[in-house]
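The values are calculated or read from the model by the stated rules, or taken from the named source; none is laboratory data. None of the values given here were measured: they were computed from a predicted structure. All Cβ positions, even for glycine, are placed from backbone atoms using ideal geometry, and neighbour counts span all protein chains on display. These area figures cover heavy atoms from the full protein model, side chains too; ligands, DNA and RNA do not enter into them. Shrake-Rupley method; radii C 1.70, N 1.55, O 1.52, S 1.80 Å.
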Amino acid sequence: MTDLWLCLSREDVLTERLQAEQEGRSLEAVLTDFDRFENADLSDPAAQEATGALLDRVQALPYRDDFPYDEPSGLQAVREARPPGRFRKRPAPGDLLDRLWGAWTGRCCGCLLGKPVEGWRRQRLWGYLKESGQWPLSSYISADAPERVRSEYGVSADAPFSGRVSAMPEDDDLNYTVAGLHVLERYGRGFDSADVAAVWMSCLPVLRTCTAERVAYRNLVHGLEPPKTAAYRNPYREWVGAQIRADAWGYVNPGDPETAAEYAYRDAAVSHVKNGVYGEMWAAAMIASAFVEGDVRAVVEAGLREVPRECRLAEAVRRQISNRQGLDSPVDAIEAIHAVWNEERAHDWCHAVSNAEVVAMALLWGDGDFGRSVCLAVQACFDTDCNGATVGSVLGAMHGRSRLSGNWACPLNDTLETGVHGFHLVALKEMAERSLKIACDD
């Protein structure tokens, strides 16, 4: 089989079993089938067909009677399940461009911090930081370490450490931010999920997508439409991919978390369900609130007011709010996250909920300091570039470009490289100006 991106894999089967169990499905009827297909020869077309049929059967399974969460799918049902407390505040118009520029820049800074160590597990990252004299993390990670240390920890000669780049290199975290802005410029505020899908297929090459987004892309190619593209044979439907697509919706709705979350819902429905969707809604609402709130806990809670009160993601974020009061240090908070989630397992490492916990932890323990916050997001491991980018976006919106340290911003040269057609090399200030135009057209 040459078109591997069109095929189901062993990882798909393993992940589907975990995903279905965690979303409350009653799996007793298919456990034997899962055991068989975990070791199937998926290069055999017949095995592909049978594995697809297994994933279809899982979608038809009932939920357990003892499942303790309320996790609706439709936007209206999600809104009815939220806690009370909506707000909408107009940001100060005089500094909105600076804040938007700060949000774009902060997102790039956090992403660049985490990008060269993406995929590193805690033992490797913490070991390298300690042996290279960079513990605790307080700035961009340097590859300037003794050869023995670089060799022991597998520091690649071409990894995009900050001293080796002259712009923000392409990353899917930024591709989707740009794609979101393009959706708004092409279709306006009335865009829907089909419009998001159209921009992907016309402007974003499929091999620049991963996990849930690639499955959704495959489903689009096969003629499915959103929201079916999110659920059909998609084991990654609650992974972090939608959460990293939240930012553009917050940028164009400063001070309006509810509308930002609605836009995030329309976007996420292409590729995700339930907590995968909630993660994007939560992040978009936080970013929107960061333009008008000066307290990070208020920002985190503004995000929570846009997702179901009794979902797994809300429970996890509330756990981090509690840990901020009850634990002694951010290292203790990181240890607590690792006690819940097994970073050696891809499903845990990439899940929306585990990474939302990291983002919340970094924001709460960072106390509003940009560098401290993005460093905690990356030092915690899990999806380092995604979490650094989200935290950087929130703090950038809160503080503005004028308050970002040159040590963070200067390596970017205000330039972003992307894989989105028509945006291959763009200035961050220009992207802020284009965001401002939409934000003010409300």
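What's the number of the only condition in (1) hydroxyl-bearing (Ser, Thr, Tyr); (2) modelled with pLDDT of 95 or more; (3) assigned to a loop (DSSP other than H, G, I, E, B) that Thr2 fails to meet?
Among (1) hydroxyl-bearing (Ser, Thr, Tyr); (2) modelled with pLDDT of 95 or more; (3) assigned to a loop (DSSP other than H, G, I, E, B), the lone unmet condition for Thr2 is (2).
Restricting segment 244-255 to residues that are open to solvent by less than 10 Å² (accessible area, probe 1.4 Å) and over 16 Å from the mean Cα position of the chain (by Cα), which is nearest to Leu395 (Cα to Cα)? Before the answer, list the steps.
The initial filter retains those residues of segment 244-255 that are open to solvent by less than 10 Å² (accessible area, probe 1.4 Å), namely 244-253, 255.
Keeping just the survivors that are over 16 Å from the mean Cα position of the chain (by Cα) gives 252-253, 255.
On the way: Val252: 16, Asn253: 16, Gly255: 14 Å.
Only one residue fits best here, namely Gly255.
Residues checked against (1) among the aliphatic types (A, V, I, L, M); (2) under 27 Å from Ala81 (Cβ atoms):
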position	(1), (2)
Glu315	no, yes
Asn323	no, yes
Asp328	no, no
Val331	yes, no
His338	no, no
Asn342	no, no
Arg345	no, no
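Do you know which of the residues in segment 89-108 that are in contact with a Pro (Cβ under 8 Å, 6 or more places away or on another chain) and at pLDDT 95 or above is farthest from Ala230 (Cα to Cα)? Give the derivation first.
So in segment 89-108, the residues in contact with a Pro (Cβ under 8 Å, 6 or more places away or on another chain) come out as 91, 96, 99-100.
If we keep only those that are at pLDDT 95 or above as well, we get 96, 99-100.
Values: Leu96: 35, Arg99: 33, Leu100: 30 Å.
For segment 89-108, the residue satisfying everything is Leu96.
Since Tyr278 meets every condition but one in (1) open to solvent by 10 Å² or more (accessible area, probe 1.4 Å); (2) among the aromatic types (Phe, Trp, Tyr); (3) not in a loop (DSSP other than H, G, I, E, B), which condition does it not meet?
Here Tyr278 meets the rest and fails (1).
Within segment 400-423, can you find the residues that are part of a helix (DSSP H, G or I), open to solvent by 40 Å² or more (accessible area, probe 1.4 Å) and not charged (D, E, K, R)? It would help to see each step written out before you state the result.
Filtering segment 400-423 for residues part of a helix (DSSP H, G or I) gives 401-403, 406-412.
Narrowing the set further to residues that are open to solvent by 40 Å² or more (accessible area, probe 1.4 Å) leaves 401-403, 407, 410.
Within segment 400-423, Ser402, Asn407, Cys410 meet the criteria.
Could you list, in sequence order, the residues of segment 50-69 that are closer than 19 Å to Ala231 by Cβ and part of a helix (DSSP H, G or I)?
Answer for segment 50-69, where residues must be closer than 19 Å to Ala231 by Cβ and part of a helix (DSSP H, G or I): Thr51, Gly52, Ala53, Leu54, Leu55, Asp56, Arg57, Val58, Gln59.
For segment 312-343, give me each residue that is assigned to a helix (DSSP H, G or I), open to solvent by 30 Å² or more (accessible area, probe 1.4 Å) and among the aliphatic types (A, V, I, L, M).
Of everything in segment 312-343, those that are assigned to a helix (DSSP H, G or I), open to solvent by 30 Å² or more (accessible area, probe 1.4 Å) and among the aliphatic types (A, V, I, L, M) turn out to be Val331, Ala336, Ala339, Val340.
State all residues of segment 70-98 that are in a helix (DSSP H, G or I), open to solvent by 80 Å² or more (accessible area, probe 1.4 Å) and farther than 30 Å from Ser402 by Cβ; if no residue qualifies, say none.
Filtering segment 70-98 down to residues in a helix (DSSP H, G or I) leaves 75-80, 93-98.
Then drop every residue that is not open to solvent by 80 Å² or more (accessible area, probe 1.4 Å), which leaves 76, 80, 93-94.
Within segment 70-98, Gln76, Glu80 meet the criteria.
Check off (1) under 23 Å from Cys410 (Cβ atoms); (2) assigned to a helix (DSSP H, G or I); (3) in contact with a helix residue (DSSP H, G or I) (Cβ under 8 Å, 6 or more places away or on another chain) for Ser142 and give me the number that stays unchecked.
(2)
Restricting attention to segment 188-218, report how many residues are more than 18 Å from Thr418 (Cβ to Cβ), in contact (Cβ under 8 Å) with a residue 12 or more places away in the chain and not acidic (Asp, Glu).
Looking only at that region, the number is 10.
For every residue, the table says whether it meets (1) open to solvent by less than 10 Å² (accessible area, probe 1.4 Å); (2) under 26 Å from His347 (Cα atoms); (3) free of Cβ contacts under 8 Å to residues at least 60 places away in the same chain.
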position	(1), (2), (3)
Leu220	no, yes, yes
Glu225	no, yes, yes
Ala283	yes, yes, no
Ala290	yes, no, no
Asp295	no, no, no
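Which one of these is within 30 Å of Ser329 (Cβ to Cβ) and not hydrophobic (A, V, I, L, M, F, W, C): Gly392, Gly419?
Values: Gly419 fails: within 30 Å of Ser329 (Cβ to Cβ).
Gly392 is the lone residue from the list that is within 30 Å of Ser329 (Cβ to Cβ) and not hydrophobic (A, V, I, L, M, F, W, C).
In segment 199-257, which residues are in a loop (DSSP other than H, G, I, E, B) and within 30 Å of Leu96 (Cα to Cα)? Even if it seems obvious, please write down each step before you answer.
Step one: filter segment 199-257 for residues in a loop (DSSP other than H, G, I, E, B), giving 204-205, 209-210, 222-227, 232-238, 240-242, 246, 252-256.
Result: Leu204, Val240, Gly241, Ala242, Ala246, Val252, Asn253, Pro254, Gly255, Asp256.
Read through the list (1) open to solvent by 30 Å² or more (accessible area, probe 1.4 Å); (2) without any contact (Cβ under 8 Å) to a residue 60 or more places away in the chain, then give the number of the only condition that Ala230 fails.
The single condition Ala230 does not satisfy is (1).
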